[in-house]
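Okay, structure first, notes after.
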Amino acid sequence: MKREELEAMGLTKEQIDEVLDKYHEEYDPVKRDLEAAQKDLENEKGKISTQADTIKSLKEDLDEFKDADVAGMRKKIEDLETDMQAKDAAHQKEIADRDFNDLLKEGIAASKGRNARAITALLDVETLKASKNQKEDIAAALKALTEAEDSKMLFGEADPKPVGAGRFIGEVRKDNTPQGDTLRDAIAEHYNRQ
């Protein structure tokens, strides 16, 4: 009801205010509940719309894989895992071999081995690699070789290797002719021939 309608019925201002107050007492809570319900309805519609979009998107994603060979994919994954494990095992073996070779070289050098290849050929390398205490076992095997009659010549101080057999420039020979003069004469003779 509107105020104008009530005035047309002949009610006074106080009566109109009283009627409108009673009307608002009953109407306002219902209006608030209605507005809250409408807001909740709009929120739920938004959620339903979002869910519908998500379902549509998931169906599109699923359509991409409808022809996929799941068993084939699983097999590929298993193959890749097997390859990865094999490569990891090979890498670990390479590291172990490198570490063993370093220990062997250090042991041969410490026992003053003259020829590392010859000494390594005399050792049971596979047994030493399988050993749990490689360093001590290598040292024991090398010690046995240093004491054995047929292999002790592979150990000891290295023979000095002569660097050169020539004479130094300016070195005096037994005939008291300095080396430099002979060299100078040889160079001059070489250029004179040309």
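Write out, first by first residue and then by second, each pair whose Cβ atoms fall under 6 Å of each other, whose residues are 6+ apart or on separate chains, and whose first residue, in the stretch 74-101, is under 20 Å from L123 (Cβ atoms) while the second is open to solvent by 100 Å² or more (accessible area, probe 1.4 Å).
Filtered contacts from the stretch 74-101: no entries.
Taking the conditions exactly as written (surrounded by 10 or more Cβ atoms within 10 Å (Cβ to Cβ) and closer than 30 Å to E157 by Cβ), does S49 satisfy them or not?
Values: surrounded by 10 or more Cβ atoms within 10 Å (Cβ to Cβ): yes; closer than 30 Å to E157 by Cβ: no.
No.
Could you grab the pairs with beta carbons closer than 9 Å, sequence gap of 6+ or different chains, first residue in the stretch 45-70 and modelled with pLDDT of 90 or more, second one assigned to a helix (DSSP H, G or I) and open to solvent by 100 Å² or more (accessible area, probe 1.4 Å)?
Listed by first residue and then by second, the contacts come to nothing, as the list is empty.
Residues being open to solvent by 30 Å² or more (accessible area, probe 1.4 Å) and not in a helix (DSSP H, G or I): count how many of those fall in the stretch 98-147.
Residues in the stretch 98-147 being open to solvent by 30 Å² or more (accessible area, probe 1.4 Å) and not in a helix (DSSP H, G or I): 7 in total.
Condition test on A68, is it open to solvent by less than 80 Å² (accessible area, probe 1.4 Å) and either among the β-branched types (V, I, T) or assigned to a helix (DSSP H, G or I) (or both)?
Numbers: open to solvent by less than 80 Å² (accessible area, probe 1.4 Å): yes; either among the β-branched types (V, I, T) or assigned to a helix (DSSP H, G or I) (or both): no.
So A68 fails the test.
Among the candidates E42, E18, which residue alone is at pLDDT below 90 and either in contact with a Ser or Thr (Cβ under 8 Å, 6 or more places away or on another chain) or open to solvent by 100 Å² or more (accessible area, probe 1.4 Å) (or both)?
Result: E18 is the single residue among E42, E18 that is at pLDDT below 90 and either in contact with a Ser or Thr (Cβ under 8 Å, 6 or more places away or on another chain) or open to solvent by 100 Å² or more (accessible area, probe 1.4 Å) (or both).
The values are calculated or read from the model by the stated rules, or taken from the named source; none is laboratory data. These figures come from a predicted structure and were not determined experimentally. In this analysis, Cβ positions are derived from the backbone assuming ideal geometry, glycine residues included, and neighbour counts consider all displayed protein chains. Remember, those area values only see protein heavy atoms, side chains included, never the ligands or the DNA or RNA. Shrake-Rupley method; radii C 1.70, N 1.55, O 1.52, S 1.80 Å.
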